[in-house]
Each structure stands twice: as structure tokens, then as C-alpha cells.
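The structure appears below as C-alpha cells.
Values in this text are rule-based calculations from the coordinates and carry no lab data. This one's a predicted model, so the numbers in the text were calculated from it and none came from an experiment. We place every Cβ from the backbone using ideal geometry, glycine too, and count neighbours over all the protein chains shown.
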Amino acid sequence: MRVSVYFNLHKKVWSVRADEGAEKGRVIAHAEHVTLRNARGKVSAAGRAKVLREGRKNVHAFMRGELAGLYAIRWGNPEVITGALEDWQTMAPVCLFGARWSPVRNITYNPYKFATFVYKDDESEYTSSDWATLGSYLGPDFELSTRTVMVKG
């Protein structure tokens, strides 16, 4: 199932919105970790312009792709979610990048600095990747980032 994922500032989790099927346009789950295949970033130019004009954030940037896994699900319709995942039993390990996923790169989006998603290390434009995981990440200085997006491929 193709989905769009964004960080929900009010709930402090990722919201997963269906892009196809009977639930198209609806949020089908909230989760702490989401894994996507064939991922790409999408930023609405009009939405970004509104943020810059009003100085208030709104939902206008998404990661889009094929839903491959959810972990630490806080809310969701099990029938819709399990129907979207090819292998429900392997979803948790897929969501957490292990050594086999290395190397990965972090991406970010800040509407006040960038018009697109960019790689954190060199601020070059991110367009797409084979895999993306969105979730919490414990950094090298043991700081917890709840809005980390790591990509591979």
C-alpha cells in the first residue's frame, strides 16, 4: 500500500495516511517507527509558502512510499494495516536499521531553510531512496531524536 507519512506535532508520533485503496486520504495509523520502500520526499510549495508567510507550521511535507513496516503502533485499524504489509511477522526488525542496513544517511526538512528534503551531513538535495525508516534514534552523544529519518539506497 502506498502511503504518505508525516510527523504529527500534537501527538509526537508519525501519522501514516493511505494514498490508495478504500482508506485513501485517511490516517490509518500512528506509530513511533515507520519503514517505507521506494521512498521519496514530497514538499508542497504552496504549503511551504504559507509557513513562511504566517510563521506557523502546517502539514505540507511528507515521506511517500510503500508501507513496509510499523513498530510501536499507538493507533491503527489492524485490518487495514495487516492488509498493507506483506509480512506482518517481520515488521519490527525491518523498522529498526541494523548493521546489515549500513551505511545509512539522515535526511531532514526545515521549511525556513530548505525548499526540499536534504541530507543532514552535506545539505544536498534528497530525492528518493530504496528504503527509509522514520522514528526515534539515540545519537552518538546519547541524545534522543524523535524525528529521525534514515535512508538507504
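Among Tyr112, Tyr126, Tyr6, Tyr119, which comes first, then next, by fewest other beta-carbon atoms within 10 Å?
The order, fewest Cβ neighbours first, is Tyr112, Tyr119, Tyr6, Tyr126.
Which lysines does Lys120 reach when only Cα atoms under 18 Å apart count, and residues fewer than 8 places away in its own chain are ignored?
Correct list for Lys120: Lys42, Lys152.
Could you line up Thr108, Thr35 from fewest to most neighbouring Cβ atoms inside 10 Å?
Thr108, Thr35
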